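Coordinate-derived values only; no laboratory data. This is a predicted model, so every value here is computed, not measured. Ideal geometry is used to build each Cβ from the backbone, glycine not excepted, and the neighbour counts take in all protein chains shown.
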Amino acid sequence: MKKVLSLHEQYLRSVRLNKIKVLSIQLAILILFFSVWELAAQLNWIDSFITSSPSRILKTLGSMESLEIFRHVGITVMECIVGFIIASVLGTLIAVLLWWFETLRKVMEPYIVVLNALPKIALGPLIIIWVGAGYKAIILMTVLICIIVTVMSVLAAFLSCDDGKILLMRSMGASKFQILIKLILPNAVPNLISMLKINVGLSWVGVIMGEYLVSAAGLGYLIIYGGQVFKLDLVMASTLILCILAAVMYMGVALVEKFAKRFR
């Protein structure tokens, strides 16, 4: 028994050491990247006016009023989270509907493929006319970019469920709703988590695209403004903040995944 426990402890220790090793390498790569970037700018290997540098980015952020930068960050985060939630929930509900009604799924399948291929940015002028030039247009752009991918991913997860298990539940008198709740949804949890991870990236793309079109505030607006007046330090600073926010949002989904694994 002690030997078994010792082997188990060794395994857990190796897992922890591996996680520490991976995290250390990730941090080392990040530090190396910024160090080389700063060194190249200081030694004039690159034109820091065009590429900026970590020190110039920090100086730019330090020169901005804290309330101003937090206002822009807050607006972009709000738009992203709202669009992310709406697209994920609505897309999942549509996937459930298409799974439930097979004929509807077959009818709608080519239209879903076409909508997925449609460049959503082309709908920008229409979106502005439909809902106005404000945060509603940005959120709608985010939803349009995420929702079709959500529907296709979740529906594929539902349809991948083992037909033998479905037949077994039907033979035991289970209703379609019971099959959905007790078999289809639990079986699709890993795919649902993957869908959320994909939507993290797509929602940020949607928000920035929307802010390029209509926003008067937000990180996308700062990027556009910085590019127009050649304040490229501001562009790079806003881009860096976007990377940090996207990473934080992704880690949030990773925590949801870890929590879901404990109850499977």
Residue exposure sequence - Phe49, Phe177 - by fewest surrounding Cβ within 10 Å:
Phe177, Phe49
So between Ser175 and Leu43, what do we pick up on full extension, going 0.36 nm a residue minus the alpha carbon distance?
40.5 nm
By counting other Cβ atoms within 10 Å of each Cβ, how are Asp233, Asp163 ranked from fewest to most?
Asp163, Asp233
Put in order of increasing Cβ neighbours within 10 Å, starting from the fewest, Glu109, Glu38, Glu79 give Glu109, Glu38, Glu79
Which of the lysines could be linked to Lys258 by a straight reach, that is with a Cα gap under 21 Å, when you skip same-chain ones fewer than 8 residues away?
Lys19, Lys21, Lys182, Lys197
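Assuming 0.36 nm per residue, please report the length gained on full extension of the stretch Phe70 to Val107 beyond their Cα-Cα distance.
8.7 nm
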Hey, what's the Kirkwood Rh for region 174-264 if you take every pair of different alpha carbons, in angstrom?
15.6 Å
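For region 43-193, what is the relative contact order in percent, using Cα pairs closer than 8 Å and at least 6 residues apart in sequence?
With pairs under 8 Å counted, the relative contact order is 28 percent.
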Please state the charge dipole magnitude for the chain, taken about the Cα centre, from unit charges on C-beta atoms (+1 on K and R, -1 on D and E), reported in debye and rounded to the nearest 20.
1260 debye
Answer label, with P(r) over Cα pairs in 10 Å bins from 0, in percent calculated from the coordinates and candidates (1) 7, 29, 34, 23, 7, 0; (2) 7, 31, 35, 17, 6, 3, 1, 0; (3) 6, 21, 25, 23, 16, 7, 2, 0:
(3)
At R0 = 30 Å, FRET efficiency that the Cβ-Cβ distance of Phe230 and Ile29 yields, to 0.05
0.45
Tell me, in nm to one decimal, what length is gained between Ser194 and Tyr250 on full extension, where the rule is 0.36 nm per residue of separation less the Cα-Cα distance?
19.1 nm
Taking only Cα atoms and a 10 Å spring cutoff, compute GNM fluctuations for the chain and point out the largest among Leu140, Leu123, Leu27.
Leu27
